[in-house]
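See structure below.
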Amino acid sequence: MKKVIVTGASRGIGKSITSLFLERNFKVIGTAVKSPFPDSFLNNENFSGIHVDLDDIDDLSYSLKNQIIKEKPDVLVNNAGVFEACDFEESDEKWLQNWDKTQSINLRSAALLCKWFTDMHIKDGIEGVIINIASRAAYRGDGTDYTSYAASKGGLVAFTKSIARGYGRKGIYAYSVAPGFIETDMAVKEIEKIGRERITSNSAFDEITKPHEIAELVCWLAEGKVKHATGSTFHVNGGSYVI
């Protein structure tokens, strides 16, 4: 049975990813900050949940570094992230607080987990798969109120490519997934605010992408059957842009 760590497993895309992994008989270690894990996860013997603050390096190290060393997961999925607005009109202090928090959670913590995961696999001489959930914002940018988010996801993509190029011969395969707008429970307010018609106006479809499509792709990559696609970014954005 393969083991996988999924950050941000309690809600949104991470919840769908975790559900599908469990359906396919993976053992899942899921993380969340404070939100409770679904009962369907807690009642599954193949799931264990950890509450950890990814913005707190001491908490992250205590909670997850030991888990990586002990459990030796085959797959790491960095899904957790923050998406908080802060426009250029804000004070420098508030703008930098937003910037630092976003980089810390979206990029620094993900990078550190990748480091621990890679170090463990290379030391033990075993193959491992890293899947980092980025965003279309890494490629097309975002509004000026979400520049910190776009920058963090762009950095995550570049970091993933570096791992892929540097450690492929040592059995580490790394991929990025760049979702567009995804219809999750977390996106309900944003959908109501923006409107479905506007969200899908530049899409090839009249519907917003469902999270299960991201989950299907992540589970496929986790099987480790497309090693020579390492370093690639997989774009799931309803055709709102095509690369």
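Coordinate-derived values only; no laboratory data. Please read these numbers as outputs of a predicted model, since none were measured by experiment. So basically every Cβ, Gly included, is an ideal-geometry build from the backbone, and we count neighbours across all protein chains shown.
Summary table below
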read-out: Protection-proxy order for peptides 88-97, 154-163, each taking the mean of Cβ atoms within 10 Å per residue, highest first; value: 154-163, 88-97
read-out: Simple label model, 7 Å out from Cα along Cβ direction - His212 to Ile122, nm; value: 4.0 nm
read-out: Using alpha-carbon coordinates, inclination of helix 12-23 to the longest axis of the chain, degrees; value: 30 degrees
read-out: Restraint check, Lys15/Lys210; Lys2/Lys225; Lys72/Lys115; Lys27/Lys161; Lys70/Lys115, Cα-Cα greater than 19 Å; value: Lys27/Lys161
read-out: In degrees, nearest ten, helix 109-124 long axis to first principal axis of the chain (Cα); value: 20 degrees
read-out: Phi to ³J(HN,Hα) by Karplus 6.51 cos²θ - 1.76 cosθ + 1.60 over the stretch 172-184, Hz, x for Gly, Pro; value: 9, 10, 10, 9, 10, 10, 10, x, x, 6, 10, 7, 10
read-out: Computed lengthening from Thr144 to Tyr62, 0.36 nm per intervening residue step minus Cα-Cα distance; value: 26.0 nm
read-out: Among [x] 1.00; [y] 0.95; [z] 1.05, the entry that matches Rg/Rh (Cα atoms, Kirkwood Rh) as calculated here; value: [y]
read-out: Likely footprinting exposure, Thr18, Thr144, Thr118, Thr102, fewest C-beta neighbours within 10 Å first; value: Thr144, Thr118, Thr102, Thr18
read-out: Residues Trp99, Trp116, Trp220 arranged by fewest to most Cβ contacts within 10 Å; value: Trp220, Trp99, Trp116
read-out: Cα centre as origin, Lys/Arg/Asp/Glu Cβ charges: the stretch 21-157 dipole, Debye; value: 600 debye
read-out: Mean residue ellipticity (222 nm) of the chain, computed from DSSP H runs ≥ 4 via -39,500 (n - 2.57), nearest 500; value: -12000 deg cm²/dmol
read-out: Cα-based reach from Lys170 at 13 Å (exclusive), listing aspartates and glutamates while leaving out same-chain residues under 8 positions away; value: Asp119, Asp124, Glu127
read-out: Residues Glu223, Glu213 arranged by fewest to most Cβ contacts within 10 Å; value: Glu223, Glu213
read-out: Net lengthening on full extension, Lys2/Ser48 (0.36 nm per residue, minus Cα-Cα); value: 15.2 nm
read-out: Amide H partners (placed H, <5 Å) of Phe47, local residues excluded; value: Val28
read-out: Fully extended contour minus Cα-Cα distance, from Arg24 to Ile243, at 0.36 nm per residue; value: 75.8 nm
read-out: Cα-based helix-to-principal-axis angle, 92-103 vs the chain, degrees rounded to 10; value: 40 degrees
read-out: Zone of Ser162's modelled label, taken as backbone nitrogen in the stretch 107-126 under 15 Å from a point 7 Å along Cα→Cβ; value: 107-116, 118-119
